[in-house]
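Worksheet: the structure to be examined is printed underneath.
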Amino acid sequence: MRPGMVVHVQASLRALGPVPGGAGTVVDALLEALDAPARGTLVAYTATPENSATSRIHAAATAGLSAAQAEAYRVRMPPFDPVTTPCSPTMGALSEQIRTRAGALRSPHPQTSFAALGPKAAEITRRHDLTSHLGPDSPLGRLYDLDARVVMIGVPMSRFTAFHLADLRMPDVPLREYRCSGPHGWISFEAPDLDDLHFEELGDAVLREARTVAESRIGGARCRLVPVREAVDLATAVLLRRRAPV
């Protein structure tokens with residue numbers, strides 16, 4: 001990592017090990033390495049599947065409830081507010097730390113928002129089309145355009161979020177309905193049905209073929225610095241080969 005870079009962080013503090021000051025100290029170190037927010041930009045995924053009626057988290061929370069109980073649960077779900085709604089605990093403590101830093105900006109998508117801190121923050125977060133939740137018209141797309149890096153701290157390549165961009169280049173991506181509690185009430189929209197079950201295969205291919213992935217160890221965590229554009233282009237090639245006739 002160098003001053004002035006745009007870097008999306010995906011991190012496991014548990015893998016990193018004990019750090020005095022916890023997530024705040026780690027974010028401070030990342031900002032220092034990037035010389036952010038003066039020159040570099042730090043980005044985090046701040047998704048909120050808890051406010052969705054079509055997410056796996058919602059399905060688990062309402063499993064076994066009667067129809068009336070499930071409706072009561074739905075009514076109590078708070079609407080998404082990009083300024084005040086915390087990101088999902090499943091995103092990790094670093095994402096919430098970055099979201100709440102002074103000067104951080106957040107994209108407006110009620111399910112798959114990103115937060116950014118630095119001179120490129122507005123460019124990254126300004127546009128986030130409802131039907132491009134993890135697509136080219138989202139902050140992920142801007143990371144690709146900016147040739148950003150992803151720092152993976154104790155997180156395997158099977159969780160490399162930007163692989164969704166490769167999925168969306170395929171001609172046969174299915175669509176599904178999403179429902180969530182937005183800033184002005186409940187909304188529904190149709191968008192690609194995405195999963196990450198095949199990301200391990202894509203990650204293995206990137207580690208074999210990428211020329212510019214850097215690896216190191218910090219504390220107990222294996223860490224990688226991965227270029228978004230190269231990783232997504234390699235993943236696209238893997239997916240296209242899978243679809244090619246034998």
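The values are calculated or read from the model by the stated rules, or taken from the named source; none is laboratory data. Computed from a prediction, not measured in an experiment: that's the story for all the values here. Every residue, glycine among them, receives a Cβ derived from its backbone with ideal geometry; neighbour counts consider all protein chains shown. Ligands, DNA and RNA are excluded from the accessible area calculation, which covers all protein heavy atoms including side chains. Shrake-Rupley method; radii C 1.70, N 1.55, O 1.52, S 1.80 Å.
Yes or no, residue by residue, for (1) farther than 19 Å from T212 by Cβ; (2) in contact (Cβ under 8 Å) with a residue 40 or more places away in the chain; (3) touching a Leu at 6+ places or on another chain (Cβ under 7 Å):
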site	(1), (2), (3)
M5	no, yes, yes
H8	no, yes, yes
R14	yes, yes, no
L30	yes, yes, yes
T46	yes, yes, no
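Give G185, G154, G141 a once-over and let me know the one that is touching a Lys or Arg at 6+ places or on another chain (Cβ under 9 Å) and on the phi > 0 side of the Ramachandran plot.
So the residue among G185, G154, G141 that is touching a Lys or Arg at 6+ places or on another chain (Cβ under 9 Å) and on the phi > 0 side of the Ramachandran plot is G154.
Restricting to the stretch 96-127, name every residue that is within 29 Å of R176 (Cβ to Cβ), open to solvent by less than 60 Å² (accessible area, probe 1.4 Å) and not polar (S, T, N, Q).
E96, R99, R106, H109, P110, F114, A115, A116, I124
Can you pull out the helices (runs of 4 or more DSSP H) entirely within the stretch 1-100 that have at least 1 residues that are within 14 Å of the chain's Cα centre (by Cα) and not acidic (D, E)?
Those helices (runs of 4 or more DSSP H) span 93-99.
Yes or no: the stretch 110-118 includes at least one residue that is of a type in the set (S, T, N, Q) and free of Cβ contacts under 8 Å to residues at least 40 places away in the same chain.
Looking through the stretch 110-118, none of the residues is of a type in the set (S, T, N, Q) and free of Cβ contacts under 8 Å to residues at least 40 places away in the same chain.
I'm trying to understand the selection: among the residues of the stretch 135-178, which are more than 19 Å from A205 (Cβ to Cβ), under 19 Å from the mean Cα position of the chain (by Cα) and not hydrophobic (A, V, I, L, M, F, W, C)?
Within the stretch 135-178, G135, P136, D137, S138, P139, G141, R142, D145, D147, G154, Y178 qualify.
If R14 passes every condition in (1) in contact with an Asp or Glu (Cβ under 9 Å, 6 or more places away or on another chain); (2) open to solvent by 30 Å² or more (accessible area, probe 1.4 Å); (3) farther than 20 Å from G103 by Cα; (4) not acidic (D, E) but one, which one does it miss?
Status for R14: all satisfied but (1).
Considering only strands (runs of 3 or more DSSP E) fully contained in the stretch 128-246, which possess at least 1 residues that are of a type in the set (A, V, I, L, M) and surrounded by 15 or more Cβ atoms within 10 Å (Cβ to Cβ)?
Per the criteria, 149-153, 185-192, 214-218, 221-227.
Is at least one residue of the stretch 84-93 without any contact (Cβ under 8 Å) to a residue 60 or more places away in the chain, at positive phi and of a type in the set (G, A, S)? First the steps, then the outcome.
So the first thing to find is which residues in the stretch 84-93 are without any contact (Cβ under 8 Å) to a residue 60 or more places away in the chain, and the list is 84-91.
Retained after the next criterion (residues that are at positive phi): none.
Scanning the stretch 84-93 turns up no residue that is without any contact (Cβ under 8 Å) to a residue 60 or more places away in the chain, at positive phi and of a type in the set (G, A, S).
Could you tell me which of the residues L130, L146, L165, L207 is in contact (Cβ under 8 Å) with a residue 40 or more places away in the chain and either touching a helix residue (DSSP H, G or I) at 6+ places or on another chain (Cβ under 6 Å) or of a type in the set (S, T, Y) (or both)? Spell out how you get there, then give the answer.
Working: L130 fails: either touching a helix residue (DSSP H, G or I) at 6+ places or on another chain (Cβ under 6 Å) or of a type in the set (S, T, Y) (or both); L146 fails: either touching a helix residue (DSSP H, G or I) at 6+ places or on another chain (Cβ under 6 Å) or of a type in the set (S, T, Y) (or both); L207 fails: either touching a helix residue (DSSP H, G or I) at 6+ places or on another chain (Cβ under 6 Å) or of a type in the set (S, T, Y) (or both).
Step by step, each of L130, L146, L165, L207 is checked, and only L165 is in contact (Cβ under 8 Å) with a residue 40 or more places away in the chain and either touching a helix residue (DSSP H, G or I) at 6+ places or on another chain (Cβ under 6 Å) or of a type in the set (S, T, Y) (or both).
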